[in-house]
Amino acid sequence: MTSSSDRSQAVDVQEPKTYEVRTYGCQMNVHDSERLSGLLEGAGYVRAPEGSDGDADVVVFNTCAVRENADNRLYGNLGRLAPMKTKRPGMQIAVGGCLAQKDRDTIVKKAPWVDVVFGTHNIGKLPVLLERARVQEEAQVEIAESLEAFPSTLPTRRESAYAAWVSISVGCNNTCTFCIVPALRGKEKDRRTGDILAEIEALVGEGVSEITLLGQNVNAYGSDIGDREAFSKLLRACGRIEGLERVRFTSPHPRDFTDDVIAAMAETPNVMPQLHMPLQSGSDPLLKAMRRSYRQDRYLGIIEKVRAAIPHAAITTDIIVGFPGETEEDFEQTMHVAREARFSAAFTFQYSKRPGTPAATMENQVPKEVVQARYERLVALQEQISWDENKKQVGRTLELMVAEGEGRKDGATHRLSGRAPDNRLVHFTKPDQEVRPGDVVTVEVTYAAPHHLLAEGAVLDVRRTRAGDAWEKRNAAEAPKPAGVMLGLPKIGAPEPLPVATSSGCGCD
């Protein structure tokens, strides 16, 4: 027979509250969202089931301010949640990220059903602000003007068991005329080298075998302490961490890309032969108008040095088409650099005005139809270059780190997918033995497409790894697996080449 106290305890038992994080923008936001998820789980929330589409107790938007029509997209999504919130008492909506930092009180005025607005500098306050909004029954808007805690000091809920972001700096000291990020993320602030290495060692201890060093201007690391070689020293220090198989970084700035960094990349075995080097334009006059602080010769000189030191390096870039004042001659200079640099992939964007940036008020805005025509020419050129460069990989034997969820057709084709050391995506024939994400396979490339490679023969070797063990352990613990963070941009590794986009990338890299 159940006592009255037992019945009372049974009544008091409640299902844990669920959360969903929707992320838009750059890798910084992806990294921040992992922290937001970790904070919420530390506060007792659990991730909403896959396909919940806003049907959660807490929905968090981690926004981007540099994407075209970012505000319209946010308010459209908020509008769709309004009736759901009306029907679901206790549901809370929070808005953070760069757009929240920029618009502040505007968000609550336009969408009064939002409970919390927080900025890029105080993401650690989210659980407190949610509780305060619940108790006080009114919206909480808290925007810090400077960084309160380095993101990597906060709890995390990483999206991958075998690969991880590691933030080494936040903010940016550049003044690119097309970019609003420095105004929202603040001046560059570097993290202590010892803290970075301690985090990496802890991640490796958990089974992570690949890390990506992350910064708005990653190779300017050390500016806080006046050490121009701090970044190359950090790369070499990563090379001494036992169990760390792959090191990547994004995104560097040509201005700060020095010879010691190239040497460190070439001489440190676990630093991968991959470089994402934003170009933005090949025209010297436009680079000056953009305040990019380098010119075409300097940029191509860096590419030449990297290829001399690391012959098999895959180099990718960002390019803006149609920046104000761009002439046909300016555009042809960009095409020239693309032909000379032989990028393995390029992320090409049509310029569009960003309120609050100097470029938005510049004269000689290029007509939309002209921008579109130039964009299509650049995409066609780069598509051919990417294909030609990929064809050079046919016949090569590569070690792939098996990836999770990167081969959309893997189920139908009975293949798996992995990333080569240079970060090219390779689909390979599924071997008879079990292969887990994080494990390493050796394959021979048999076919090249513009955006991926195929290894259609038998897998030459399978190496089970601690990273694969970590994936297996997590997968078993989380089955059935809940929904992941809804990311607007890339996973670990380079995004798909040549996306259909009409805006510049996040940050002034």
Checklist outcome for this item: Taking a label point 7 Å from the Cα of R240 along Cα-to-Cβ, the residues of the range 182-196 whose backbone nitrogen sits under 13 Å from it are 194
Next on the checklist: Against the 2.2 N^0.38 Å scaling, with N counting residues, where does the chain land? I'd like the Cα-based Rg ratio to two decimal places.
Outcome noted: 1.00
Checklist entry - Where the accessible area of the range 337-425 is counted over protein heavy atoms with a 1.4 Å probe, how much of it, in %, is carbon and sulfur? => result 52 percent
Checklist entry - What fraction of the Cα pairs in the range 166-213, stated in percent, has a spacing above 14 angstrom? => result 59 percent
Checklist entry - Considering amide H positions built from the backbone, and no H for Pro or chain starts, which residues 5 or more places from W165, or on another chain, come under 5 Å of its amide H? => result T212
Checklist entry - Taking the Cα centre of the chain as origin and charging only Cβ (+1 Lys, Arg; -1 Asp, Glu), how large is the dipole, in debye to the nearest 20? => result 460 debye
Checklist entry - Taking a temperature of 10 °C and a viscosity of 1.306 mPa s, what whole-number D in µm²/s does Stokes-Einstein yield for the range 19-111 with Rh from Kirkwood over alpha carbon pairs? => result 116 µm²/s
Checklist entry - Classify the range 97-240: rounded, prolate or oblate, from the alpha-carbon gyration tensor (a ≥ b ≥ c, eigenvalue square roots; a/c under 1.5 rounded; otherwise prolate if a/b is larger than b/c)? => result oblate
Item to check | All-pairs alpha carbon distance profile, the range 345-436, 5 Å steps from 0, percent | outcome: 2, 11, 14, 14, 14, 10, 10, 10, 8, 5, 2, 1, 0
Next on the checklist: What are the ³J(HN,Hα) couplings of the range 350-360, residue after residue, when phi is run through the Karplus curve with 6.51, -1.76, 1.60 and θ = phi - 60°? Round to Hz, x for glycine and proline.
Outcome noted: 7, 4, 9, 4, 10, x, x, 9, x, 5, 5
Item to check | Note, ³J(HN,Hα) from phi for the range 184-192, Karplus 6.51, -1.76, 1.60, rounded to Hz, x at Gly and Pro | outcome: 9, 8, x, 5, 4, 10, 8, 8, 4
Checklist entry - Under a plain spin-label model, where a point goes 7 Å from the Cα along Cα-to-Cβ, how far apart in nm are D53 and R134? => result 2.7 nm
Next on the checklist: Tell me the volume per residue, in Å³, of the convex hull enclosing the alpha carbons of the range 65-170.
Outcome noted: 136 Å³
Item to check | For the chain, calculated [θ]222 nm from helices alone, where every DSSP H run of n ≥ 4 adds -39500 (n - 2.57) | outcome: -10500 deg cm²/dmol
Checklist entry - Rounded to the nearest 0.05, what FRET efficiency is calculated for A309 and D195 with R0 set to 30 Å and r the Cβ-Cβ distance? => result 0.55
Checklist outcome for this item: Note on the chain, DSSP bridge orientation, antiparallel percent to nearest 5 equals 30 percent
Checklist entry - Out of residues 5 or more away from V321 or on other chains, whose amide H comes under 5 Å of its own, with H placed 1.01 Å from N in the peptide plane? => result F349, Q350, Y351
Item to check | Phi-based couplings in Hz for the range 158-168 (Karplus 6.51, -1.76, 1.60; Gly and Pro marked x) | outcome: 5, 6, 10, 7, 10, 9, 8, 7, 9, 6, 10
Next on the checklist: As a test of the definition: which semi-axes, in Å, follow for the range 327-392 when you take the square root of five times each eigenvalue of its alpha carbon gyration tensor? Largest first, please.
Outcome noted: 27, 12, 11
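Contact order normalised by length for the range 138-246, with contacts defined as Cα pairs under 8 Å and 6 or more residues apart; what percent is it?
Contact order relative to length: 28 percent.
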Checklist outcome for this item: Percent relative contact order for the chain, counting Cα pairs under 8 Å at least six residues apart, stands at 15 percent
Next on the checklist: For a quick check: with amide H placed at 1.01 Å from N, whose amide H comes under 5 Å from A455's, ignoring anything fewer than 5 positions away on the same chain?
Outcome noted: H427, F428, T429, T446
Item to check | Cα gyration tensor shape of the range 205-335, rounded if a/c is under 1.5, else prolate or oblate by comparing a/b with b/c | outcome: prolate
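The values are calculated or read from the model by the stated rules, or taken from the named source; none is laboratory data. Since the model is a prediction, treat every value here as computed from it, not as a measurement. Heads up, the Cβs are rebuilt from the backbone with ideal geometry, glycines too, and the neighbour counts pull from every protein chain shown. Just the protein is used for accessible areas: all its heavy atoms, side chains included, with ligands, DNA and RNA removed. Shrake-Rupley method; radii C 1.70, N 1.55, O 1.52, S 1.80 Å.
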